[in-house]
Each structure stands twice: as C-alpha cells, then as structure tokens.
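Have a look at the structure below, then the notes.
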Amino acid sequence: MAEAVLIDLSGLQLNSQENCHQMVLKTLDGIHDHHAPKAKFLCIICCSDATNGKGGEYGLCELEAGNGFSSLAGKFETVSHPSLAASLYSVKQKIDEEDLSRVKVIVPEHRRLLMEAYVDQLFTAVYEFEFEDLQVAQRESLLKPSTGVNVTTAHKLEDVQSEIESYLRSLPALKGDLTIVTSPLIPDIFLHGFTTRTGGISYIPTLSSLNLFSSSKRRDPKVVVQENLRRLANAAGFNAEKFYRIKTDHASEVWVMGKKEPESYDGIITNQRGITITALGADCIPIVFADPVKKACGAAHSGWKGTLLGVAMATVNAMIAEYGCNLEDIIVVLGPSVGSCCFTLPRESATSFHNVHPSCVRQFDSPNPYVDIRKATRILLERGGILPQNIQDQEEDLDLCTSCHPEKFFSHVRDGLNFGSCLEFCINASRILLQWLQKKIFSFLIYIKP
C-alpha cells in the first residue's frame, strides 16, 4: 500500500462548465477516500506556470481557490512551483521528512512518460514508485491536456535533466560555506584538500549538506551529488568532468594511472599533470601522498581492514616502483577520520592492531577494545621508511574525530548506514585538494597542476 500519493494536475485544461469542476472534485474525493486510511502524505502537484486556457478553458491550478476546490485544502497538500523540477523536489523533501518510500503517482496518461523521466532523475532505488493513470469521468472532453504540451516530443530526457540541473544550481548552500581543509606540509605544486560537510545542497540530516556519494541504498540522487561536486570543483579549481575516484574494496590494491584499471582498488597514483585523483570516505582515513621532486602524487582510502593490509605503504611502494620516487621525498598527510575515542572492534580484530603496537589499542581486555587506526597507519609508514617529519596526522582540523564532530564531518560510526561521504582529491604538479564530505564515504582527490 502506498505511503505517499501524488496527483499531477499540471498542464491540464478544464472547461468552464460547472459539471466539469464537479467531476474533477468527485475524482479527487474518490482518490482521497481510497488512500487516506493508509497513506501518510497525499499531495496535488500543480505547476504555477500553466498558461491560461482559451475559449473558456482554464488550468486546474487557477481554479484551485474557487469552484469548490477550496474544499480539498484539508484533504490534500498542494505543491505549486514554476517548474515540475521544483515541484517534485519539494515533494521529495516532504516524503523524506516522513521517511516514506512507497509512492503512488496518479498522472494523466499523456504526462506519464514525462513524470517518469523526472522521477528517475530525482529519486533513487530506495523509493518504490507505482504509476496510475488519472481517470476522470469525461464527457465531451471536459478534461483534456493543454494544447501546448506534447510530452513525448517536447520533453526529451536531456531537457528534463537540464531543467533539474538549473533548478538545483539555484538552491542556496546549507550548513554554511563550502570549506576545504588543507595541509601546509604539501608543496604548492600540488592542489590538495579535504572537504567538510558544509556548502552543499543535500538536505537529509545524515547527508547534509556536501554529500559526495550516491547509491541505490541512499536517498541522495546522482543529480544532487553532481551539483555538490560541481560546487566543490568551482571552489577548488578542478574539472568536475575529468577526475578519477578510487573504487573502494577495503583492501590494498593500487591503480597506477595509465595502466589497466582494476575492478576495485583503495589506492591510486599518477604523475600526469592536470589529473585529479580522489577517494571517498567517512571515518576511514583519507590519505594524500606527494613527491615534489618527481612531481608524483597518490591518494588512498584506509579503513581498518586496509590499514592492516598495508594500503598506505602499498601506495608508497607503487610510487617508488613506477616513478622512481625516493622514500625521503614522499610526504604523507592523513585526513580526518574516526578517532580511538569512538572506534571499537571485536577483540579478535583488535588483536591485529595490538600486534602492530600495543599503544594502538585501549581497553584491550574488553570484548570490544578501542582502536586507533591513525596511530597504526603512522607506525606502519615509519616502519616502511617514510620520515616521521614527512607524515602529518595532527594539524588543526586534520586530526579531528569525524564521529565526535557532526557539525563538520560525516560518520558511519555515528549515523549508521545512511551516512554521507567526503572526498579527498589531489591534482598533480600544482595543487592537491583533499576533500571530506561526510557521509558513508570520505573522498579524497589529488591534482597535479598543468
């Protein structure tokens, strides 16, 4: 049974005869009576840009306040915006506020394909949609489509996408300005940074606002994440259409750009200029690697499994093997991650960290000891030959616990499965930009300036 029922009346024209108004009212009353016992949200969508009809025809929205339509006020919520993109996005916010997922859309047959195109863009697989034709007892075409609307030809998919993108660009940033955390240890030949959670448009509490990852299990659609990424790219100075993101597997595989890309990997390196490399994350450590001598850089996603598997040193070793980097020249910066104050593991898994060094574990004798993945990463890097002074893991916002600072970061530990993701990025030969976004995944990106 549908939890939310949407009725699309946009673009329809109504003859001025009284019996036509009554037929529509009767239809809407019937829909209400059928769905009201179970549905938590009933809504009429009526775009306010519908043009006045000619020859005694009127848009349904224009008649909303009269001809008995005011009686619907207590039965349906009405959403009316200048565009269907704005109207549906507003409806989505109301559905998400109630944490609803099963949605029925009742729409005139001639607008069904159009409505499906908007739904595909604005919603994810979290939602279950059912479409039903709007049936009104008609006589002599009392209710008919506007003559200006030809759904199948005038509203192509690219037009729908363009309208949605334009609308999202008009939305204000939430939770404050977009903020990028950088390290003074990284030379200016690299653009780098870690994002925080502010400055985007994602509104769902655990994803707000600069969420940089979309999946079938989350409520943020790709088009919203793309808008967040566009804003980040503008602020950081990289091309949002030309960057490479780690395909996380919580292991230690490293992709050398220019070679065949593995199906999954948690490290990436490049010496190509103008290329942006990124990694997502939330709680896991986003790591940036930079060699100002060989002008090579890397990014890694290091969760607790990847830490034990040695993804940080695997990335370092790949830079040495591929680009002739020297250990003493490589700079490593650890971005924000979950701290030992909040992160626990079952004792069996914590034992592996205790074996790295006892100081990596607190309350070791408890069933779920506290684990310091940052300290373990530093220890493993130093053992691998990275100079201690070339490792930065404590600097202003860089060492803040993601779980302890909900105003700044996303956190899987804190927020559960529907968490936001940060992005770290680095651009070779000029700037490195590591981003934090906080949701489930942290992203990181490095870029070498052209």
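The values are calculated or read from the model by the stated rules, or taken from the named source; none is laboratory data. Please read these numbers as outputs of a predicted model, since none were measured by experiment. Glycine also receives a Cβ, built like all others from the backbone with ideal geometry; neighbour counts cover every protein chain displayed. The area values use the complete protein model at the heavy-atom level, side chains included, leaving out ligands, DNA and RNA. Shrake-Rupley method; radii C 1.70, N 1.55, O 1.52, S 1.80 Å.
With respect to the conditions (1) over 20 Å from the mean Cα position of the chain (by Cα); (2) surrounded by fewer than 23 Cβ atoms within 10 Å (Cβ to Cβ), residue 302 falls short on a single one, namely (2).
Candidates in the stretch 272-294 are the residues that are at pLDDT 95 or above and in a loop (DSSP other than H, G, I, E, B); of these, the one that is nearest to residue 356 (Cα to Cα) is 284. Of the residues making up the stretch 236-246, those that are out of contact with any Lys or Arg (no Cβ under 9 Å at 6 or more places or on another chain) and either under 13 Å from residue 211 (Cβ atoms) or modelled with pLDDT under 95 (or both) are 239, 241, 242, 243, 244, 245. Which one is surrounded by the fewest Cβ atoms within 10 Å (Cβ to Cβ), of the residues in the stretch 229-260 that are assigned to a loop (DSSP other than H, G, I, E, B) and more than 24 Å from the chain's Cα centre (by Cα)? This residue is 260. When residue 315 is tested against (1) over 28 Å from the mean Cα position of the chain (by Cα); (2) closer than 30 Å to residue 272 by Cα, exactly one condition is not met: (1). When the stretch 176-224 is filtered for residues that are β-branched (Val, Ile, Thr), under 11 Å from the mean Cα position of the chain (by Cα) and open to solvent by 10 Å² or more (accessible area, probe 1.4 Å), the ones remaining, listed by number, are 204, 206, 223. When 204, 268 are screened for being outside any loop (DSSP other than H, G, I, E, B) and in contact (Cβ under 8 Å) with a residue 24 or more places away in the chain, only 268 passes. Screening the stretch 69-115 for residues that are part of a loop (DSSP other than H, G, I, E, B) and either of a type in the set (Phe, Trp, Tyr) or open to solvent by less than 20 Å² (accessible area, probe 1.4 Å) (or both) and picking the one that is modelled with the highest pLDDT gives 100.
Does the stretch 363-382 contain any residue that is touching a residue at least 40 places away in the same chain (Cβ under 8 Å), under 35 Å from the mean Cα position of the chain (by Cα) and open to solvent by 40 Å² or more (accessible area, probe 1.4 Å)? Checked against the condition, which is being touching a residue at least 40 places away in the same chain (Cβ under 8 Å), under 35 Å from the mean Cα position of the chain (by Cα) and open to solvent by 40 Å² or more (accessible area, probe 1.4 Å), the stretch 363-382 yields at least one hit.
A search for C-beta distances below 8 Å between a residue of the stretch 124-143 that is at pLDDT 95 or above and any residue that is in a loop (DSSP other than H, G, I, E, B) and polar (S, T, N, Q), counting only pairs 6+ apart in sequence or on different chains, returns 124/214; 124/215; 124/216; 125/216; 126/101; 126/216; 127/101; 128/101.
Kindly check whether there is at least one residue in the stretch 306-325 that is under 30 Å from residue 96 (Cβ atoms) and either in a helix (DSSP H, G or I) or touching a residue at least 40 places away in the same chain (Cβ under 8 Å) (or both). Within the stretch 306-325, none of the residues are under 30 Å from residue 96 (Cβ atoms) and either in a helix (DSSP H, G or I) or touching a residue at least 40 places away in the same chain (Cβ under 8 Å) (or both). For residue 264, the criteria (1) open to solvent by less than 10 Å² (accessible area, probe 1.4 Å); (2) closer than 30 Å to residue 345 by Cβ; (3) of a type outside the set (Val, Ile, Thr) hold in every case but one, which is (1).
Screening 66, 56 for residues that are in contact with a Ser or Thr (Cβ under 7 Å, 6 or more places away or on another chain) and either open to solvent by 10 Å² or more (accessible area, probe 1.4 Å) or modelled with pLDDT of 80 or more (or both) leaves exactly one candidate, 56.
With respect to the conditions (1) modelled with pLDDT of 95 or more; (2) in contact with an Asp or Glu (Cβ under 7 Å, 6 or more places away or on another chain); (3) open to solvent by less than 10 Å² (accessible area, probe 1.4 Å), residue 45 falls short on a single one, namely (1).
In the set 287, 331, 320, only one residue is in contact with a Leu (Cβ under 8 Å, 6 or more places away or on another chain), open to solvent by 40 Å² or more (accessible area, probe 1.4 Å), under 20 Å from residue 391 (Cβ atoms) and aliphatic (A, V, I, L, M); that residue is 320.
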